[in-house]
1. Which residues, counting only those in region 128-156, are under 17 Å from Tyr74 (Cβ atoms) and open to solvent by 40 Å² or more (accessible area, probe 1.4 Å)?
2. Can you tell me which residue among Gly258, Gly293 is farther than 20 Å from Asp443 by Cβ and modelled with pLDDT of 85 or more?
3. Taking region 324-347 as the region of interest, how many residues are of a type in the set (Val, Ile, Thr) and either open to solvent by 70 Å² or more (accessible area, probe 1.4 Å) or at pLDDT below 90 (or both)?
4. Strands (runs of 3 or more DSSP E) wholly in region 375-458 with at least 1 residues that are more than 18 Å from Gly140 (Cα to Cα), in contact with a Phe, Trp or Tyr (Cβ under 6 Å, 6 or more places away or on another chain) and in contact (Cβ under 8 Å) with a residue 24 or more places away in the chain - which ones?
5. Is it the case, given these coordinates, that Val171 is touching a residue at least 60 places away in the same chain (Cβ under 8 Å), within 30 Å of Glu331 (Cβ to Cβ) and among the hydrophobic types (A, V, I, L, M, F, W, C)?
6. Do any residues in region 210-235 that are assigned to a loop (DSSP other than H, G, I, E, B) and of a type outside the set (A, V, I, L, M) have Cβ atoms under 9 Å from those of residues that are open to solvent by 50 Å² or more (accessible area, probe 1.4 Å) and at pLDDT below 70, where the two are at least six apart or on different chains, and which pairs are they?
7. For region 507-517, give me each residue that is open to solvent by 10 Å² or more (accessible area, probe 1.4 Å) and not in a loop (DSSP other than H, G, I, E, B).
8. So, restricting to strands (runs of 3 or more DSSP E) that lie completely within region 100-195, which ones have at least 1 residues that are at pLDDT 75 or above, of a type in the set (Val, Ile, Thr) and under 24 Å from Val45 (Cβ atoms)?
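The values are calculated or read from the model by the stated rules, or taken from the named source; none is laboratory data. Just so it is clear, the structure is predicted and the values come from calculations on it, not from any experiment. Reconstructed Cβ throughout: ideal geometry from the backbone, glycine too, with neighbour counts over all protein chains shown. Note: areas computed on protein heavy atoms with side chains; ligands, DNA, RNA excluded. Shrake-Rupley method; radii C 1.70, N 1.55, O 1.52, S 1.80 Å.
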Amino acid sequence: MARPRVLLVLAILVTVFSVMTIYYYDKLAAEIDARLQGSVLDNSVGIFTAPFKVSVGDGLLTDDFIDQLHAAGYQQRSSEVEQDLSGSYRVEANAIEVFPGDASAQMGLYPARIQIESGHVTSLTNPITGERLSSATIEGGLLASVRDGDRRKKIAVEFADIPEELRDAIVAVEDRRFFIHNGIDWRGILRALKTDFDHGEFVQGGSTLTQQLIKNDFLTTERTFSRKLKEAAMAVILESRLSKEQIFSVYCNDVYLGQSGTFAINGFAQAAQVYFDKDLKELTLGEAAFLAGLICAPNRYSAHRDQARAVGRRDLVLDAMAETDAISLEEARAAKAEPLQIKKHETQNDYGTSYFIDYVQRFVDERYGERHLSPQQRITTTLDPRLQRAAYRALTAQTEKLDKTLSRSARKGEAPDKVQGALVALDAHTGEVLAMVGGRSYDESQLNRATDAERQPGSAFKPFVYATALNSRSYTAASMISDTPQTFAYDGGRAEYKPSDYHGGFTNRNVTLREALTRSLNVPAVTLAMSVGLTNVADVAQKSGLERPRVYPSMALGTSEVTPLELAGAYTAFANDGTALRPIPVKSISGTNRDGASTRVQASSARVFSPQVAYLMTNLLQSVVDKGTASRLRAMGLKGAIAGKTGTTDDGWFVGYTPRIVCAVWIGFDDNRDLRMKASDAALPMWAEFIKQAFDLRPELGGDSFARPGGIVSVEIDPTTGCLAGPESLERRQELFIAGTEPSSMCFQDTIEADLVPVTDEVAPPTDLPTLEAVDADPDHDDVTREVDIEVCAQTGLLASPYCPRTEKRTFENGKKPRESCGLQFHGPGNL
């Protein structure tokens, strides 16, 4: 009786074990199958640059272009007889032939032969058909893969792209029976233990390549028996799903091989680029052995840390290859004699993209949340790699130049601190971030000054004051305003503010709004802000995308802090017909919809003012570039339609735009010390250098003129009066107006002065200026009009002052206009 009971128990145990084995096998198989649905065994999210178009005449440096092809995963082919050219490129004399991958036609990508001479594209043809092309689109390159919060770079390759010497090195040192076993190699485990014992250190791994792949991609790093069993089971399952060649190539693309700055180096193709600046097929035997030797402990055997230890590890791999007859002893000795020449470990060729990647990750997380992203998704960003390199080079050149300039004034024996900088370039009509550099070196400082460093923009804020004035229709570009020393009372008269210009002087006369902005005069800006209402100026700034400024008179001079990204976004209101765009760094995210389609990302927007006001502001800001504080741009050789504004505080700013691109640059110290330099000297050269390169790389970003909307009229005025030019006008020029706001009569300088001298708590209206009656009595003015249009306070009917809540134009007969200025005072922001 005992025996049948034992058999029954054993049968039950076997049945339970079998059921559990089948259950867990199916569960693990389902997990692997789900990962393999995307045809790639990878659970990272890829961040890519935007695809870019190449046209005849575009600037294109061969080395830069090849770097971009590598980033996009292209492999160089040199043989004419190779059949499968998809995902590859060939270099022939001055031409590069590009053959996109198999699925490229769905993305609108086709083969192209790009002829490059003197750094410019001279012709484009289809290398297969010979057809001439007007342009060619190149797919975006990988910026980074993000997995479990870690940032990595890798270049995916196929099995055929892996050199035989590298394959042999990997197999010899990691898994000698890889092409024979079924995922678990018991003999290999025992042999590895013996080899490690003989050498006195870790030479061979006990796990197969398949097990290592499972451990890295599916499991945690905990060292438990249950995890080891799971690893072995999943390795067997994976071997039944993929061929040996597929498993080997996935392993070679995924394995961790060290660190480059903030990036993990994953895969041998990426490692070959980082360590030797070579493609895989260019590696020597010794270099292949070195890379294979990094697998077990990349940091321990890093040649940057310990050259001798790295060489010793390489030699052990070569010995292992000789033991497996992959190479001869002579070949091993020759490879050991090779000097190990590792490329200098630096991230300079990162071109500042790490700052942008930080911004992308934060943007996606804030907009969609971490759970919205899943493995194998592709984030296509807005970054143009060509413009990014131009931005980095412009920033680097200018900051290095300023370092030398400032070092001359440093105290003897003291090393001067380095100047920092930031640059942001946006598409003027989509808000897409085309380039972003947040500092000189991401390795040295991860602070993204483009997105996170808030500083006072100074006069770069003034355009929002002038836009508010033009939008009110109470002012035009020809309106006269006083540039004399003034004291502004606020907070119910309990506080005063007395602005001065950067140079400390005043013109001591009335100036038009155009001249005031062109010369960046401070008193007129504050006067305007007080006149149209500080709260109204704050509203315009906030609608444009800036954080709402604190409402004080000094606000008009840019005392509220902003970031370069915010200021660039706010300037799109001027460049985009009055509609401000919120900057976006992402074009699309694949696989976020239920049907697996991509989610398109568009910038949110806000209408700030009319296209007519935007055009007038652009025209005013063109004067700043043509003959104002930014006129050095023309001396630097920049032509075409450019508008912008400088800003000088402790730092240097310039925000400028063309018909297609908005760019903000900032220069300063991280500790807020005074740069003691005008923006035209500090920031403007960096902007100019970037835009020069941008125009060369993408000529369509420039333009001869800004689009002029309807409702704009041009009138000839006397700039000394702001009125219509008359027969006696010594100066005259064309001025633009919103239809209906243009002047309709002539007037004289003394009349304008009588009308526009402002009243403050400390400055009384003058009594010794000529009146209109005196002008009428003057025989030299017998042709003066018998009626005049005067700006008056709508509430009191007296001459308008900067403090009137609302003003309007009224027509008076000569001698009957009001003689006193309005005495209403500003009593806090609530009254504005």
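1. Matches in region 128-156: Ile128, Thr137, Lys153, Ala156.
2. Just one listed residue meets the conditions, Gly293.
3. Residues meeting the conditions: 2.
4. So the answer is 420-427, 433-437.
5. Details: touching a residue at least 60 places away in the same chain (Cβ under 8 Å): yes; within 30 Å of Glu331 (Cβ to Cβ): yes; among the hydrophobic types (A, V, I, L, M, F, W, C): yes.
Against the criterion (touching a residue at least 60 places away in the same chain (Cβ under 8 Å), within 30 Å of Glu331 (Cβ to Cβ) and among the hydrophobic types (A, V, I, L, M, F, W, C)), Val171 qualifies.
6. These pairs meet every condition: Phe218/Glu31.
7. Arg509, Asn510, Arg514, Glu515
8. On the way: elements: 112-117, 120-125, 135-138, 142-147, 150-153.
Correct list: 135-138, 142-147.
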